[in-house]
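**Student:** This is the structure I want to talk about, given as structure tokens.
Taken together, the values in this text are just the output of simple stated rules run on the coordinates, not laboratory data. Being a predicted model, the structure only gives us computed values, none of them experimental. Glycine gets a Cβ as well: all are built from the backbone with ideal geometry, and neighbour counts include every protein chain shown.
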Amino acid sequence: MPDRRAQRHEDTRQEILAAAWSLARTQGLTGWSLREVAAEVGMRAPSLYVYFDGKDAIYDAMFAQGYRQLLARVEVEDPSGDARDILTRVATLFLDFFVADPARHQLLFLRVIPGFTPSDASFAVAQEVLDRLREVFVTLGLERDESVDLWTALVTGLATQQVSNDPGGDRWTRLIGPAVDMFVSARSAPDG
């Protein structure tokens with residue numbers, strides 16, 4: 001028999017996270033208070049401490065949740081095709097994910113919260129996404145860590161430009177094809 005109390009506790013935690021995400025999307029990632037989150041879920045701020053140790057603990061749970069969402073998308077991606085096809089699909093998947101939710105993009109990739117560092121458990125989810133990306137790169141013969149580093153800089157750079165300078169547009173997402181071509185050409189060169 002399922003533990004109903006534990007399930008209610010987890011349901012409330014998820015409701016709190018949903019409220020925090022909603023406020024982050026409307027007021028900015030750091031622009032909301034615990035009191036506002038509590039009001040959104042119909043409780044008093046001190047009651048939040050039954051579910052989270054504080055605001056950083058909420059950010060930590062949001063961080064893990066965001067990376068689990070990304071991992072779920074990565075896991076269904078088709079790994080077949082040549083390097084340009086695969087990398088174009090991967091870049092599109094990542095950019096679509098980043099651009100769809102600027103608050104999530106900030107939390108996962110920009111470190112805009114002073115003093116916040118994800119817990120080891122939450123960071124492990126982020127590492128799992130990176131490990132999956134490395135697996136793709138190994139299948140493409142791009143085994144060196146600097147290939148993955150260059151790729152993540154390229155894709156997150158496009159996403160950051162898109163979110164920051166053309167929200168709702170496609171000025172930087174249109175550059176996926178040329179960026180992939182440039183990356184593949186550079187990595188295929190004798191010194192690449």
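**Student:** Which whole-number percent gives the relative contact order of segment 1-52, counting Cα pairs below 8 Å spaced six or more residues apart?
**Tutor:** Worked out over segment 1-52, it gives 31 percent.
**Student:** What net charge is computed for the residues neighbouring residue 167, neighbours being all others with C-beta under 13 Å from the C-beta of residue 167, Lys and Arg scored +1, Asp and Glu -1?
**Tutor:** Within the 13 Å Cβ shell, the charges total -1.
**Student:** I would also like to ask the following. How high is the relative contact order of segment 76-192, in percent, with contacts defined as C-alpha pairs under 8 Å that are six or more residues apart?
**Tutor:** Once divided by the residue count of segment 76-192, the mean separation gives 35 percent.
**Student:** Just want the ordering: 40, 10, from fewest to most Cβ atoms lying within 10 Å of their own Cβ. Don't skip to the end; give the middle numbers.
**Tutor:** Numbers: 40 16, 10 12.
Final ranking by Cβ density, sparse to dense: 10, 40.
**Student:** Find out how many positive minus negative residues lie around residue 72, taking Lys and Arg as positive, Asp and Glu as negative, among other residues whose Cβ is under 13 Å from that of residue 72.
**Tutor:** That sum, taken over residues with Cβ under 13 Å, equals 0.
**Student:** For Cα pairs less than 8 Å apart in space and 6+ apart in sequence, what is the mean separation divided by the residue count of segment 16-97, i.e. the relative contact order in percent? Could the numbers behind the result be given before it?
**Tutor:** On the way: 45 pairs, mean separation 16.3, N = 82.
Rounded, it is 20 percent for segment 16-97.
**Student:** Residue by residue, what Karplus-based ³J(HN,Hα) values in Hz, rounded to whole numbers, does segment 88-97 have, using 6.51, -1.76 and 1.60 with θ = phi - 60° and x for Gly and Pro?
**Tutor:** Per-residue couplings from phi come out as 5, 5, 5, 4, 4, 4, 5, 4, 4, 5 Hz.
**Student:** Just in segment 84-192: which GluC sites (Glu not before Pro) are loop by DSSP and have at most 12 other Cβ atoms within 10 Å?
**Tutor:** Qualifying residues, ordered by number: 143.
**Student:** Starting at the first residue of segment 156-164, write each ³J(HN,Hα) from the Karplus equation 6.51 cos²θ - 1.76 cosθ + 1.60 with θ = phi - 60°, in whole Hz, x for Gly and Pro.
**Tutor:** These are the phi-based 3J(HN,Hα) values: 5, x, 4, 5, 5, 4, 4, 5, 7 Hz.
**Student:** Could I ask something else about it? Go through segment 19-31 residue by residue and turn each phi into a ³J(HN,Hα) via Karplus (6.51, -1.76, 1.60, θ = phi - 60°); whole Hz please, and just put x for glycine and proline.
**Tutor:** Values per residue, Gly and Pro as x: 5, 5, 4, 4, 5, 4, 6, 9, 10, x, 4, 9, x Hz.
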